[in-house]
Amino acid sequence: MSDQLFIRPSTAPISLAVQNLTSSTKWYVENDYDISTFVWEDDAGLRPSDEVIIAEQQRLYSVLMLDDVRQKRAPEYPSIGDQLDALWKGGEAAAEMLAKVQAVKAKYPKPTE
């Protein structure tokens with residue numbers, strides 16, 4: 001196994017953003033993270049501007065990062081049954097459950113803008 005560090009791009013792929021914005025035009029991209037390598041192949045259909053594509057990349061990145069956080073948090077949260085039981089009991093049980101949930105949220109914080 002390699003000791004190389006994988007650095008996740010800080011934006012979503014251009015291809016994903018363009019697919020989300022339009023399906024009626026033909027295009028290709030040589031580097032999915034460099035807008036200057038994006039090429040329209042035909043004149044048909046609506047073409048979003050580079051600014052709109054970049055904004056969509058950023059929006060999708062936020063969604064993808066939030067999904068990543070949710071997937072990491074889910075197995076570490078106490079079960080719904082245990083959470084409801086603590087709420088029903090109230091008092092110390094509810095306080096302990098709140099501390100467990102907050103610890104998971106602190107371990108995997110939501111991405112910031």
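Nothing in this text is a laboratory measurement; each read-out follows from the coordinates by a stated rule. What you are looking at is a predicted structure, and each value in this text was computed from that prediction instead of being measured. Note that each Cβ is placed from the backbone with ideal geometry, even for glycine, and that neighbours are counted across all protein chains shown.
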Item to check | FRET efficiency, Ile35 to Asp85 (Cβ-Cβ, R0 30 Å, nearest 0.05) | outcome: 0.05
Item to check | Electrostatic dipole magnitude of the chain [Cβ: Lys, Arg +1; Asp, Glu -1; Cα centre; debye, to 20] | outcome: 560
Checklist outcome for this item: Given backbone amide H placed at 1.01 Å from N, residues whose amide H is under 5 Å from that of Trp27, ignoring those fewer than 5 places away on the same chain, are Glu41
Checklist entry - Modelled label-to-label distance, Asp68 and Gln102, 7 Å Cα→beta-carbon offset: nm? => result 2.7
Next on the checklist: Of Met65, Ile80, Val52, which is farthest towards the positive pole of the chain's charge dipole, taken about the Cα centre with +1 and -1 on the beta-carbons of Lys, Arg and Asp, Glu respectively?
Outcome noted: Ile80
Checklist entry - If you build a Gaussian network model of the chain, linking Cα atoms that sit under 10 Å apart, which residue out of Ile35, Ile14, Ile80 swings the most? => result Ile80
Checklist entry - In whole Å, what are the Cα extents of the chain along the three principal axes, biggest one first? => result 65, 38, 23
Checklist entry - Sorted by average packing, counted as other Cβ atoms within 10 angstrom per residue and highest first, what order do 89-100, 50-61 take? => result 50-61, 89-100
Checklist outcome for this item: Looking only at aspartates and glutamates whose Cα falls under 13 Å of Lys110's and that sit 8 or more positions away or on another chain, we get Asp67, Asp68
Item to check | Net charge dipole size for region 11-75 [Lys, Arg +1 and Asp, Glu -1 on Cβ; Debye, nearest 20] | outcome: 500
Checklist entry - Remind me, relative contact order of region 23-113 in percent, using alpha carbon pairs under 8 angstrom and six or more residues apart? => result 22
Next on the checklist: Give me Rg/Rg_expected for region 12-75, where Rg uses Cα atoms only and Rg_expected = 2.2 N^0.38 Å with N residues.
Outcome noted: 1.28
